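Structure first, commentary second.
The values are calculated or read from the model by the stated rules, or taken from the named source; none is laboratory data. The structure presented is a predicted model; accordingly, all values stated were derived computationally and were not measured. All Cβ positions, even for glycine, are placed from backbone atoms using ideal geometry, and neighbour counts span all protein chains on display. Remember, those area values only see protein heavy atoms, side chains included, never the ligands or the DNA or RNA. Shrake-Rupley method; radii C 1.70, N 1.55, O 1.52, S 1.80 Å.
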Number of protein chains: 4
Amino acid sequence: MGKKVLMKGNEAVAEAAILAGCRHYFAYPITPQSELIEYMAKKMPLVDGTFLQAESEVAAINMVLGAAACGVRVMTSSSSPGISLKQEGISYIAASRLPAVIVNVTRGGPGLGNIAPMQCDYFQATRGGGHGDYYTPVLSPSTVQEFADMAPLAFEIAEKYLTPVMILGDGMLGQMMEPVEFPDAYPPQKDPSEWALGARRTPDDRHIINSLYIDPYVLQEKTETLFKVYEEIKKNEIRYETYNMDSDAKYLIVAHGTAARVAKSAVDALKEEGVELALIRPITLWPYPYDAVAEAAKGKEKVITIELSMGQMVEDVKLAVCGECPVEFIGKAGGVVFTPEEIVSLIREKIS
Amino acid sequence: MGKKVLMKGNEAVAEAAILAGCRHYFAYPITPQSELIEYMAKKMPLVDGTFLQAESEVAAINMVLGAAACGVRVMTSSSSPGISLKQEGISYIAASRLPAVIVNVTRGGPGLGNIAPMQCDYFQATRGGGHGDYYTPVLSPSTVQEFADMAPLAFEIAEKYLTPVMILGDGMLGQMMEPVEFPDAYPPQKDPSEWALGARRTPDDRHIINSLYIDPYVLQEKTETLFKVYEEIKKNEIRYETYNMDSDAKYLIVAHGTAARVAKSAVDALKEEGVELALIRPITLWPYPYDAVAEAAKGKEKVITIELSMGQMVEDVKLAVCGECPVEFIGKAGGVVFTPEEIVSLIREKIS
Amino acid sequence: MGKKVLMKGNEAVAEAAILAGCRHYFAYPITPQSELIEYMAKKMPLVDGTFLQAESEVAAINMVLGAAACGVRVMTSSSSPGISLKQEGISYIAASRLPAVIVNVTRGGPGLGNIAPMQCDYFQATRGGGHGDYYTPVLSPSTVQEFADMAPLAFEIAEKYLTPVMILGDGMLGQMMEPVEFPDAYPPQKDPSEWALGARRTPDDRHIINSLYIDPYVLQEKTETLFKVYEEIKKNEIRYETYNMDSDAKYLIVAHGTAARVAKSAVDALKEEGVELALIRPITLWPYPYDAVAEAAKGKEKVITIELSMGQMVEDVKLAVCGECPVEFIGKAGGVVFTPEEIVSLIREKIS
Amino acid sequence: MGKKVLMKGNEAVAEAAILAGCRHYFAYPITPQSELIEYMAKKMPLVDGTFLQAESEVAAINMVLGAAACGVRVMTSSSSPGISLKQEGISYIAASRLPAVIVNVTRGGPGLGNIAPMQCDYFQATRGGGHGDYYTPVLSPSTVQEFADMAPLAFEIAEKYLTPVMILGDGMLGQMMEPVEFPDAYPPQKDPSEWALGARRTPDDRHIINSLYIDPYVLQEKTETLFKVYEEIKKNEIRYETYNMDSDAKYLIVAHGTAARVAKSAVDALKEEGVELALIRPITLWPYPYDAVAEAAKGKEKVITIELSMGQMVEDVKLAVCGECPVEFIGKAGGVVFTPEEIVSLIREKIS
């Protein structure tokens, strides 16, 4: 069995990335993900890895592109404003068909906002904050253990489909301490010869990595190939968790990440009062579990989406439910987190 | 009456901005919006305006923030990758409640893509490519005249609601020449004392412009105020055009910008064959004319969305139609533009 | 007559530059020249001038090159470390044969040093801190009035010989207040068509400004032309002041700038004790008044160089005196300024 | 014995640095030193070293400062304009008392100049192109073997006196191939605990490396300490070579680097004609072998300085000779190198 330790989410995801073979990490500091970059600064030299604090977020993401093109496991991390600065680079990595992992430990926004936990970068994460026809697989952890487990998973998805993958945490998950267990071994990196530039290989080898295709027909073909890959990802990689689904609940709760933790406690609390609620927690935000949400919503009187934002994922819930029943929204801006009593009371309002 | 001239879209929107009193413009060059920056470089000095080619797109958008904070009409422009680099700044401007105009003459993407016309930045434009809970009003022109007219309109909306406003053109619209008429006068700038920093005013004056609110309850209140403004914008500023709506069409076409030009020609062509199609063209992409699309879709057998992308606005169409009838999609990636025959044939497939 | 006001040296040189027609100023802040940049920030907009705080000193000096190439009077200023960052740009301006004025309000060095007055950038100023075969005329003021008068003079020299010109002040001169008188009018700018890029002129006009000459014979010829200009400058522009030269002094003091003020007071103090000292104050540090110093040194028993440094100008004094008599040095590092008593006592040591 | 190979000077100095234990190298590309950076890019990863192409020369030199502060052997290299950009950083390293090696493979200047060999950065190298009271030991190689040997020597001097050391090559030396022999072992790095920041050492350890000393008396004391070190360097490290000094030559040639190669061939050629010339080649340009040059000049009719520039070292020669006999100059700008016949003929003119 692996080691079990008490760690912050920011540290756990960093440690897991290193255990999974990540030896290249480029970033620029920002709270509330500071423990992640600090952990990398301390640990990377000890494993002969490269830790480089770039001159800016823009530089960091382009270094990620460069390292990915060389065939190594590479990661960057930041928090909301820093992730905005990386959007051009993420679009380039997606178009270049390169594997890389980006961690967003979201802070409150818009603007400088604050360092409280929020889920208001959902749109940016799931609908290409960058330009052009592309998507990024997005993983949303709701415990420190899951945050850690998503590092190797993100590398696997990235390498299987040649795409950047985002882990979308938040400040609460990044800063809270929970026991986390690391396995003795993670699956190794895929042979990078499929995508990496290489000097000592056959003449057929890829020697140019590019995202510029002046001829529209070539770009069209590249884009269609990309979207075929997206179909594969939709077929294989959709993840979600259900809770209290077998009850005869008349209402369905949809929530992800930290909001799902709060929602689960509300499901438990209301169950004790005799009110049954089913809950579905999307783990992949893109691809979104539309079918699972639609299935879970079947026959329900109402679907309630809970987010730590003014309402973003609720659009995906509506697209899934597609008019089958009303979709309502409970949210909070500014990084104010629901107390257990508050969320119970807000849900009770919606269902009475 | 005003002057009427033959101009490229890129030049027309620049000229209209200057006529509307814009005297500050900061940008970094990129095709296919080069004529816009070049026009500004030539004309701004002649009207005692400030043209500044910034050291990067990131710098340019922050200069826009600074100039907006000083109370002047200010604009920037770029094309897709450059707009990605501006996402952090746009979020800051939105959070700081400052008026500014951003023109995106979209190119093909993702990545470096190409300089052909595409509509694949729709998600980025309408769902906050930047981080945090905010929206940006987005105007989508489909003629050079409309492109020009949107410059003063964008300033008016920006100043009325204290928000950045985006004009989302594309490379075709930017580069094509059409006759354009400029009015003798545009409405003047709103008194900037409501939002601008000022040295010579009353003690109550705003002397700090900020987007950092460490206290979650303060950020929550600021965000709720912002979303009240968004409700006002939704009430007052939704714009769209309908075409052949009074016919007994069984099918509804939804398309915006350049795609709507192509779609209209298809409506005309099919009408001659006896096939009636209704068309609705959203002019504001955010706020989206959900009610108008829903209304137009009523009783239709099918709604067909046409985009120069792999499908982005189609999500808004689905949210509007909400299961009332099937929503189908016709699109093209890579900057390949539909020929008139091709679009007619693709529509015919969908409705047969 | 012109206006007479009490001003800091930093402000006086800025005001004089504006009165002399300078309308373009690019810089990055650093003490102890902050009042200069602040003065420009406040005044340039009032005279329709361009004040631009660049993103770095490197950017500022390259903007100076660009503005000079367009034919306008342009200035930058900084203090020691910032001037080091400008060395590449100064070499480019010299090689491009463009007129520009650079003010160095020296601070203590090396490294970050401190903001006390020093003269330890003498070598950098007079022997091309930048790379390559070139010199920069250097003016050393010793009063606030002279600091102000040197702004128009620097522009005149710059335009007459097509060269960057440096005014080498120090923190004491920059920060001290003295009455300064500005004339009603300064000589106007020379017609810039001789050197400036221009769009509306004859086909013979210069349309390329360059410092790259791949062919060694071309670079050789350009350099020889440059050095012919330097011969002209040496012939026409050497400036210095003598003091108590007609006395039968056996000792010669050489000092410039702030050190010369201190030295003069020592000459006066020692005269009262019956000790005669002659003094020569170089005003141009390059070209250096070698002949005048040699002439003044003739028949003296000793030449004493006084500097606020560990000894830099003393090399030029030795080159001038060329073994005729001993050359001694009195100096102080770190920005510690001699008190009147101290300098008198140090001189007395040397001559007894 | 060590290996003997045919190599370019740029490669030889890089290889020797690596053999001497340099494992950190930061630079930005520029001809004619490209082979040096390319060699480092290829070899550093093979020895677990860090090769980092910085975002600019300014960044590179500051990375050198940071690495030096951590106690490792670190090097940067560039060519003239790039070295100008590093002047601020070199002054900081000197003031921070840190060991580092800077290689300047000079190109023709000023400005962009060309990539031909020149010696016109002599002033910059020997008289602190950067600001403030400091010097940098400067080594001038005249063969590829010497270029290579100077890498370990530069590290030794740097570490012995805690100072940056410059190796001043030129494009000819960098690009020409000569046989070079590397010893089996170089002297190891000095224990860095004297100067390096360290986390695991005694409380007395140095934990702050700084060059800011706001109190003038502190900066004065630091500077005086620095100049005591310079006195030590002058006592121990002056290097030069003499040639044909035992003859009864009436003329003394002074030349360094590539110019000394040309000068030696002229000495040989004229010897065959019966004309004796003595030659002294300074190997350290700072500290300059003033005494040796003065001694060599004794009794000579004339001293002739030969440089690939418009005349820079000639000032040091004059300072050394101090009026004992005439000092004349033979030089060439633009990167034009003397042919053997030409230099013989130019010397003959001076001595007839």
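Observations on the model:
- The magnitude of the dipole of region C:1-158, with charges of +1 and -1 set on the Cβ of Lys/Arg and Asp/Glu and taken from the Cα centre, is near 180 debye.
- Residue among C:100, C:16, C:44 farthest towards the positive dipole end of region C:1-114, charges placed on Cβ: C:16
- Percent antiparallel among DSSP beta bridges (both partners in region B:240-351, rounded to 5): 25 percent
- Global form of the protein assembly as shown, assessed from the alpha-carbon gyration tensor, a/c cut-off 1.5: prolate
- Placing a label point 7 Å from the Cα of residue C:324 along the Cα-to-Cβ direction, the distances to the matching points in the other copies come to 2.2, 10.1, 10.3 nm, shortest first.
- Percent of beta bridges antiparallel (DSSP, the protein assembly as shown, rounded to nearest 5): 25 percent
- Residue of chain A whose Cβ sits closest to the axis mapping A onto B, with distance in whole Å: A:323, 2
- For region D:92-179, the set of GluC sites (Glu not before Pro) satisfying both a DSSP loop assignment and a count of at most 16 other C-beta atoms within 10 Å is empty.
- Estimated FRET transfer efficiency (residue D:210, residue B:273; beta-carbon r; R0 60 Å; 0.05): 0.15
- With a 10 Å cut-off around each Cβ of A:89-95, the average count of Cβ atoms from other chains is 5.
- Seen against the Cα atoms of chain C and their longest principal axis, helix C:57-69 is set at about 60 degrees.
- Helix D:340-351 and the long axis of chain D differ in direction by around 70°, with both axes built from C-alpha atoms.
- Per-residue packing, averaged as other Cβ atoms within 10 Å, sorts the ranges D:79-87, B:22-30, C:37-45 into the order D:79-87, B:22-30, C:37-45, beginning with the highest.
- Relative contact order (%) - region C:240-351, alpha-carbon pairs under 8 angstrom, separation at least six: 29 percent
- Nearest-first distances (nm) between copies at residue B:41, label 7 Å from Cα via Cβ: 2.9, 3.0, 4.1
- Taking every residue in C:115-125 and counting other chain Cβ atoms within 10 Å of its Cβ, the average works out to 5.
- Number of partner chain Cβ atoms within 10 Å, mean per residue of A:219-226: 6
- In straight-distance terms, cross-link reach from residue D:160 covers every one of the aspartates and glutamates whose alpha-carbon lies under 12 Å from its own, apart from those fewer than eight places away in the same chain; here that gives D:191, D:194, D:232, D:237.
- Rounded to 5, the percent of DSSP beta bridges in region A:5-236 classed as antiparallel: 20 percent
- Electrostatic tally near residue D:8: other residues with Cβ closer than 9 Å to its Cβ, Lys and Arg +1, Asp and Glu -1, net -3.
- Note: relative contact order over region D:5-236, using C-alpha pairs below 8 Å and six or more positions apart, is 25 percent.
- Tensor-based shape of region C:121-218 (alpha-carbon gyration tensor, a/c under 1.5 rounded, otherwise prolate or oblate): oblate
- Positive minus negative residues near residue C:186 (Lys, Arg vs Asp, Glu; Cβ under 10 Å): -3
- Positive-end extreme of charge dipole, region D:5-236 - chosen from D:126, D:216, D:227 (charges on Cβ): D:216
- 0 to 90° range, to nearest 10: angle between helix D:257-272 axis and chain D longest Cα axis: 20 degrees
- Averaging the Cα positions of each part gives two centres, and for region B:80-144 and region A:279-352 these lie 28 Å apart.
- About the Cα centre, charge dipole magnitude for region C:240-351 (Lys/Arg +1, Asp/Glu -1 at Cβ), debye: 160 debye
- The overall shape of region A:47-197 is oblate: from the C-alpha gyration tensor, with semi-axes ordered a ≥ b ≥ c, the ratio a/c is 1.5 or greater and a/b is no larger than b/c.
- Counted charge near residue C:62, where neighbours are those whose Cβ lies closer than 11 Å (Asp, Glu -1; Lys, Arg +1): -3
- For region A:178-278, averaging the sequence separation of C-alpha pairs within contact (under 8 Å, six or more residues apart) and dividing by the residue count gives a relative contact order of 20 percent.
- Protection proxy ranking, peptides D:228-239, A:48-59, average beta carbon neighbours within 10 Å, highest first: A:48-59, D:228-239
- On association of chains D and C, roughly 4800 Å² of accessible area becomes buried (total for both chains; probe 1.4 Å).
- Between this copy and the others, label points of residue B:29 are 2.2, 3.3, 3.8 nm apart in ascending order, each placed 7 angstrom from Cα in the Cβ direction.
- Heavy-atom accessible area per residue - region C:240-351, 1.4 Å, Å²: 37 Å²
- Within the accessible surface of region C:240-351, defined with a 1.4 Å probe on protein heavy atoms only, the carbon and sulfur portion equals 47 percent.
- For residue B:302, the lysines whose Cα falls under 16 Å of its own Cα, not counting residues fewer than eight places away in the same chain, are B:250, B:318, B:350.
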